[in-house]
Every structure is written in structure tokens, then in C-alpha cells.
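Readers should treat all values here as calculations from the given coordinates under stated rules, not as data from a laboratory. Since this is a predicted model, take the numbers as computed values, not measurements. Every residue, glycine as well, gets a Cβ built from its backbone with ideal geometry; the counts of neighbours run over all protein chains shown.
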Amino acid sequence: MMGRAPLRSVVLLGLVAVACGGGNKPPPPKPAAQPSAWCPELQRPELVGTYDFAHEYVLSRDAGDKLKAAALASIEVSVLDSKLDGELGLSCTQIATGLGDKGSYGSAAEACTAAVKAVKEARTKLGAKATVQLVVREPVCQVDTSLLTKCAAICDSSVPPERVKVECEQKAGRCDGQCEGTCEAKTEQKCDGVCSGTCEGAVKGTCGGRCRGTCDGRPANGSCAGTCAGTCTGGAYIGECKGACRGSCRFAKRGLCADVCAGKCSVEVSDPKCAGEYKSPDVSTDCRARCELGAMNKAQCSQPQVGLVVVGARDRATEDALRAAVEKAYPLLLKVIYEVGKDGPKRVHNAEAVISGTRTGFKDLALSGGRASAGASEAQLVKCFDEAFKKSAASAGSLKTLLDQAIGLRDEVSK
């Protein structure tokens, strides 16, 4: 009996050891998630929009949305940069060279600076007694607000679908019923209201071309800085038209509109878009800035018509040069400014703030996914986005300056 005791003790000790887990090693800790080594192509928005930034770079959902909004905003800045450099550069160059400037311009900003200077010099040559009046047929502009809704749904995953709808004050589209508002027609139309564009027939209004008839009740056969009654040719016209109106008609009452009706329609309009102001979706500030810039890039305005009235100029050659330069190049300048909209410079500034703020906040974005992966995530964010965001922010700053110059040129011509 005494010989069996040690064996029993060994068995009991073994059972105790197994029960306490002393015979097993604890499971190894899970390795920290590692960010993807892949960098998205910022020239391809369709891919960037579907990319899961939070998962790929080990970020929180909010941080991933912030990074995506900044990446998409940088793409929109690039699109706007290309558009403005081309269109404003062309318009400003034509105005500057049309007024005798012989300089060569390395950028649209240089061309617009030269154009402002040339217009100021031309107005000085016209003399202090000269009266200059610019007659403009304002275009009808349309924004596809469904793009805003889609954009908001992509760049802010925290917002439910019912909150990303865009509210539009006034809609525009094809109206197959009665239009109450402004009708933008591609062909001549009868206008029972105010014709803005050109009028083939008897007129009574503001003539930006040659007025034949009376000007403020006095016989006229040329420029008229008042009310022209008779006919108006060679420039934009705004007023009553007894013949065929080409351009847009603001109906005094409801009327038929063959093309785009901006206002109310007695039936449902086809392919409705927003004309005028709209309320952006209730999403994050970063997402909203990107979406508004994207909508601005896709805004479409009809071509404005202009006419320059100069009365009492002391230099006929300068008068002719100014009129020719303005009527040739000013419509494109106006079209761009209208498509950008009055809030354009502010929206570019907001996009710049989003891009710059995200670039300087890579560390905080990386920490949102946990300290274990933060170092690797931050390094990958810097690798993929630092240089691109730096360039985009600089471009946005230059774009805002260019827009301010274009608006300054518009005001210099029209004052």
C-alpha cells in the first residue's frame, strides 16, 4: 500500500496542472492589420469613388470618408483647372491682343491681367465724355442635381439615402405644356414678353447694336444709349419684340416653349435640371465641398450674347477695336463665369481647405485605425497622397486668383 502513494500523488498533480491550463501556451496575438501598398489613380474618379479607403488603409469609417472626399476634390480641381486655363486663357488673350497688346502670355492669369490693363487703357482713350454701355443676354444655366445626390452618397457613408437629396428652387427642362418663366429656344420664336437676344422685327428696348428709328424719341441710325424704337441689328437686344425672337423669352404670361423652360411648366418637364440656386445635401463639410465643385464643373450654360454701345468717344479707332474685341471674346468669358456661378470662388476655396486639411492630418487619420497600424498607415498615406494633394491645393489657390481676375475683367468692361 505504501508503494502506491507516490503514483497517486503524481496523477493528482497532473490533473491539477491540466485543469489550470499549465500544460498549454496562450494563443499568439493577432498581427496588426497592414495598409494596402496600392495607391489609387487620382486621374480616374470612377475608380476612386468605389475604393474602400477605410479598409485599405486601416482607418475609421469617418477618416476613410474624409480621405475619399479630399481625393475626389483634388480630381475636380484638376478638371476645373483645365477648363479655366483653356477657356479664360483664350477669351482674355483675344481681348488683350484685340486691343493692341503685343505680349506673350505664359498662363491664363497673365492673359487676363493683360486684358484688364488693355481695357482700362482703351476706356481712357475713349475720353471722359464717352458713355459705354454693355448689353448682355444672360444665358440659361442648368445643373444636373442627380449628380450631386450620387456624389453625396459616395463620399459620406454615414448619411442615409433620404438625406442626400438636393433641393432646387427653380427647375429647367423640356416643357411640352405651357411654360411660365423663361424659354430658351434654339430657333426663332414669337415672344409675348421680354425678348433677350436678337429680334427680327420692330423693337422697343435696349439695343446693343445699330438702332434704326428713334433713341429716346430722337431720330437714330447708330449707337443708342437709351430706349431704341424701330429695329436693332448687329448686337444683343433686350426688350419688346414684335417679330421673331432668337435667344430667350421671358413670358409675360404662360406660353409654348419649343426647347428649355426655366420656371414652371403645366406638365411634368422632361430631363429636369436645376436652374439657379440649389440647396446642397446635408452631408459632411468635406463631402459637400467636393460635390459642389463637381456640380460646378458640369454646369452648362447657353452662349450669352453681347453688344457694346459707345456714345461720345473721341477716338473712333479705339471704339471700333473695343467693340470688336468685346463682341468676339466676351461671350466666352461670361459663359465661364456663369457656369462657375457667384459662389464659384468660395467653392474653390472650400475645396482647397478640404485638400490641405486632409494633407496635414495624415497622422490623425492613421491613428483612427488604431496605434498598432498607425505608423504603416501614415507612411502609406504620405506615399500615395502627399504630393498630389500639395499640387491640388496650390492649383486651387491659383484658380481662385484666376476667377477673381476674370470677374475683375467682366466688371471693367461692363462698368
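Only Lys, Arg, Asp and Glu carry charge here, each on its Cβ (+1 for the first two, -1 for the last two); on that basis the chain has a dipole of about 340 debye about its Cα centre. Report, as a whole number in µm² per second, the diffusion coefficient that Stokes-Einstein gives for the range 227-376 at 4 °C and 1.567 mPa s using the Kirkwood radius over alpha carbon pairs. Stokes-Einstein gives a translational diffusion coefficient of 63 µm²/s.
Between Arg61 and Lys120, the contour length at 0.36 nm per residue exceeds the alpha carbon distance by 15.9 nm. Structural descriptor for the range 37-153: relative contact order 15 percent, calculated from alpha carbon pairs under 8 angstrom and at least 6 residues apart.
Scaling the Cα radius of gyration of the chain by the globular reference 2.2 N^0.38 Å produces a ratio of 1.48.
Distance between the C-alpha centres of the range 345-407 and the range 139-208: 34 Å, rounded to the whole angstrom.
Extension gain, Lys102-Ser414: 0.36 nm per intervening residue step, less the Cα-Cα distance, totals 110.0 nm. Where only DSSP H runs of four or more residues are counted, the chain gives -15500 deg cm²/dmol as its mean residue ellipticity at 222 nm, each run worth -39500 (n - 2.57). On the beta carbon distance between Asp216 and Arg174, with R0 = 35 Å, the FRET formula returns roughly 0.30.
Its alpha carbons give the range 118-240 an Rg and a Dmax of 21.8, 68 Å. Highest mean first, the peptides 121-132, 287-298 sorted by other C-beta atoms within 10 Å per residue fall in the order 287-298, 121-132. The smallest convex shape that holds all Cα atoms of the range 189-242, its convex hull, gives 58 Å³ per residue.
For the chain, the residue among Ala63, Cys261, Ser146 whose Cα projects farthest onto the positive side of the dipole built from Cβ charges is Ala63. What angle, in degrees between 0 and 90 and rounded to the nearest 10, separates the Cα long axis of helix 61-98 from the longest principal axis of the Cα atoms of the chain? Helix 61-98 and the main axis of the chain meet at about 20 degrees.
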